[in-house]
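Visitor: Let me give you the structure first, and then I'll get to my questions.
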Amino acid sequence: MEETTINPTNEQAQTCLRVCQWLSNGYKDIQLFRFDYQTGDVYIFA
């Protein structure tokens, strides 16, 4: 069985950076950052 790797799109990467910046500007700690390679989902727990 061959595994297929999914990489974040440019739009996902830029949006992720904006969300992380927004959270840090609000003095929120980012507890977990995860990109799920199987589904292509980005998770940010703050």
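Visitor: How many residues are on the phi > 0 side of the Ramachandran plot and open to solvent by less than 100 Å² (accessible area, probe 1.4 Å) when one looks only at the stretch 27-46?
Guide: Going through the stretch 27-46, the residues on the phi > 0 side of the Ramachandran plot turn out to be 27, 40.
Narrowing further to those that are open to solvent by less than 100 Å² (accessible area, probe 1.4 Å): 40.
Final tally of qualifying residues: 1.
Visitor: Can you tell me how many residues within the stretch 11-26 are open to solvent by 60 Å² or more (accessible area, probe 1.4 Å) and β-branched (V, I, T)?
Guide: Number satisfying all stated conditions: 0.
Visitor: Among what's in the stretch 20-38 and is of a type in the set (S, T, Y) and free of Cβ contacts under 8 Å to residues at least 24 places away in the same chain, pick the residue that is nearest to I6 (Cα to Cα).
Guide: S24
Visitor: Here are the criteria: (1) open to solvent by less than 100 Å² (accessible area, probe 1.4 Å); (2) out of contact with any strand residue (DSSP E or B) (no Cβ under 8 Å at 6 or more places or on another chain). Tell me which single one T4 does not satisfy.
Guide: Condition not satisfied by T4: (1).
The values are calculated or read from the model by the stated rules, or taken from the named source; none is laboratory data. Because the structure is predicted, anything quoted here is derived from the model rather than measured. Here the Cβ is made from the backbone with ideal geometry for all residues, glycine too, and neighbour counts use every protein chain on show. These area figures cover heavy atoms from the full protein model, side chains too; ligands, DNA and RNA do not enter into them. Shrake-Rupley method; radii C 1.70, N 1.55, O 1.52, S 1.80 Å.
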